[in-house]
Amino acid sequence: MLKAFADLSTPLLADACVREGLPLRAAPPGIGAVDPGHRIAGRAAPVRHYGSVDVFLEAFGLAAPGDVLVIDNGGRPDEACVGDLAVLEASAAGLAGLAVWGLHRDTPELAEIGVPVFSYGSYPLGPVRLDEREPEALTTARFGAQRVSSADVVFGDRDGVLFVAAGHVEDVLATAHRIRRTEREQADRIRAGDTLRRQTGFDDYLAQRAADPSYTFRRHLRRIGGAIEE
């Protein structure tokens, strides 16, 4: 999956979801990689954290190589829920990375381990609570407004983290590649002096809008085959 994602980005996948008529399911703003150069792509392995690492160990036993552990820690700002030992164990289980709705710790060790970890950031305090475990602890994870399961695929890069239903991933990736080709062609033309306004027939758009106020720029772009804005 990471290889299929190699030439793409989460913004391109988001635009592809719009083109395909799919819901946009992004992690909250602020979720980023411990190492900004890291990327993730893989089937979601959901897990909810209740204050003890045992639920992670159980999740590792259920996950398949290449999965991404998606950790629901409620976005808590008062504790880090993963550190070096959990990430080392994830590596031993063959996971492709971790996406944490919360915080991490042991930042230097995580950087050395090299397994991609996405979170809100670092915090030195670990959990001191032990909450009651829910029946869905290993079947779904909340991640901001999103509910993630093993029927989803996780993508992450410098722009954030995106969730796509596995059944739609092939179409989304294909559409994202088409959008990328169009945008790269547009970018090359701008560098060569062919402005984006000329490429998009912006003067024609303004004239059409003056005649018909309901004529939107997105409608115009679809008519001419432009790729920006979606």
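Here are the numbers for the structure shown:
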| read-out | value |
| --- | --- |
| From ASP171, ASP157, residue being under 23 Å from ARG43 (Cα atoms), surrounded by 16 or more Cβ atoms within 10 Å (Cβ to Cβ) and among the acidic types (Asp, Glu) | ASP157 |
| All positions within segment 15-30 that are more than 9 Å from the chain's Cα centre (by Cα), among the hydrophobic types (A, V, I, L, M, F, W, C) and at pLDDT 95 or above | ALA16, CYS17, LEU22, LEU24 |
| GLU134 being among the acidic types (Asp, Glu) and at pLDDT below 95 | no |
| One residue from ALA99, ALA90 being in contact with a helix residue (DSSP H, G or I) (Cβ under 9 Å, 6 or more places away or on another chain), in the same structural domain as PRO29 (by TED's automatic domain parsing) and not hydroxyl-bearing (Ser, Thr, Tyr) | ALA90 |
| Residue within segment 64-76 that is at pLDDT 95 or above, crowded, with 19+ Cβ neighbours inside 10 Å and of a type in the set (D, E, K, R) present | yes |
| Of all residues making up segment 139-196, the number that are under 22 Å from LEU2 (Cα atoms) and of a type in the set (Gly, Ala, Ser) | 11 |
| Meets criteria (more than 18 Å from PRO36 (Cβ to Cβ), among the aliphatic types (A, V, I, L, M) and in contact with a Lys or Arg (Cβ under 8 Å, 6 or more places away or on another chain)) for ALA86 | no |
| Filter pass, ARG198 being within 27 Å of the chain's Cα centre (by Cα), farther than 30 Å from GLU136 by Cβ, at pLDDT below 95 and surrounded by fewer than 14 Cβ atoms within 10 Å (Cβ to Cβ) | no |
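The values are calculated or read from the model by the stated rules, or taken from the named source; none is laboratory data. Please read these numbers as outputs of a predicted model, since none were measured by experiment. Glycine also receives a Cβ, built like all others from the backbone with ideal geometry; neighbour counts cover every protein chain displayed.
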